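One structure is given here, and the rest of the page talks about it.
Derivation of every value follows stated rules applied to the coordinates shown; laboratory data play no part. Values in this document were obtained by computation on a predicted structure and should not be read as measured data. Note that each Cβ is placed from the backbone with ideal geometry, even for glycine, and that neighbours are counted across all protein chains shown.
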Amino acid sequence: MSSHVLILGGTSEARALATALAARPGIRVTTSLAGRVAEPGALDGEVRVGGFGGAGGLAGWLREEGVDALVDATHPFAESITANAARAAIETGVPAVVLRRPGWRPGPGDHWHPVTSLDAAAELLPRLGRRVFLTTGRLGLASFARLTGIHFVVRSVDPPEPPMPPDTHVLLARGPFTVPGETALLREHRVDVLVTKDSGGAATVAKLTAARDLGLPVVVVQRPPLPDGVTAVPDVKGVLERLVIG
Ligand code: NAP
């Protein structure tokens, strides 16, 4: 008899966890992806793609597939699936662990402007600069679509779709990124303000170091809170310590 672990994925931590669990005898591991990225890359273990149909759908999947443990290793800004996972775990009694990489912290020399939403970031931008490096992902560009007189350099893995700001230059790229690379990019596009989510992690942190080195302001969209009563572990090791599986 093997234990079945469902990982709600879409992050590098989810990928590392799948690798760690797939290497353990007696564990069946399935990673679930939303299907937003065209070519997500290979994953160890089984993979399923697409929404479950809300918390009830996820609860049904947990029961039907005999899931023994659920790990929510989704992105810190994936608020709906995290809420659904918490509800489905309560409904089914399946033990659940949330994996959230720690957020970034400002250091000496940083000029960070924390905001609570993309709309709030858009509201603040005209006061901070005219040439924006926007790294908040291809979804949510609508928040910035009404901003005229500002040049946007938007970086995303897959091409963004309208609505987006009228003066937008799109760069398609997937991390990890380096400080020299990010510094060159900020200089080349004469960026005067950076916008990022507080995603945390090493793969995309270089832009913050580059912005600090160049003295640029950074608008940082804060994370949504976890559901009531839910706590998170910061890394794969924490999940492995917390999981109760065969
Ligand atoms: P979201 O707003 O929380 O989720 C919207 C809906 O998408 C969910 O209700 C669920 O549909 C489906 N979904 C989301 N994650 C799923 C998963 N891992 N497996 C199956 N269905 C999933 O999520 P999002 O912000 O659009 O993010 C989607 C995915 O991209 C997540 O896996 C996340 O880890 C990854 N990601 C997100 C960001 C970001 O900035 N938000 C950045 C990088 C990666 P049903 O209700 O039908 O089940």
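Counting every pair of alpha carbons in the chain, the share spaced more than 24 Å apart comes to 50 percent.
Here the calculated FRET efficiency for V49 and T231, from their Cβ-Cβ distance with R0 = 35 Å, stands at 0.80, rounded to the nearest 0.05.
Taking 0.36 nm per residue of separation and subtracting the current Cα-Cα distance, fully stretching the chain between R242 and H189 would add 14.6 nm. All other residues with a Cβ under 15 Å from the Cβ of F133 taken together, and with Lys, Arg as +1 and Asp, Glu as -1, what is their net charge? Residues close to F133 contribute a combined charge of +4. The string of couplings for region 34-44 from the Karplus curve (6.51, -1.76, 1.60, θ = phi - 60°) is 6, x, 6, 9, 4, 10, x, x, 5, 10, 6 Hz, one whole number per residue in order, with x for Gly and Pro.
Summing Lys and Arg as +1 and Asp and Glu as -1 over all other residues whose Cβ lies under 11 Å from the Cβ of G109 gives a net charge of -1. On alpha carbon coordinates alone, what is the Rg over Rh value for region 111-221, Rh being the Kirkwood radius? For region 111-221, the value is 0.91. The residues neighbouring R174, those whose beta-carbon lies less than 10 Å from its own, together hold a net charge of -1 under the Lys/Arg +1, Asp/Glu -1 convention.
Converting phi to 3J(HN,Hα) with the Karplus coefficients 6.51, -1.76 and 1.60 and the offset θ = phi - 60°, region 149-166 yields x, 10, 8, 10, 9, 9, 10, 8, 6, 10, x, x, 10, x, x, 9, x, x Hz in sequence order, with x at every glycine or proline.
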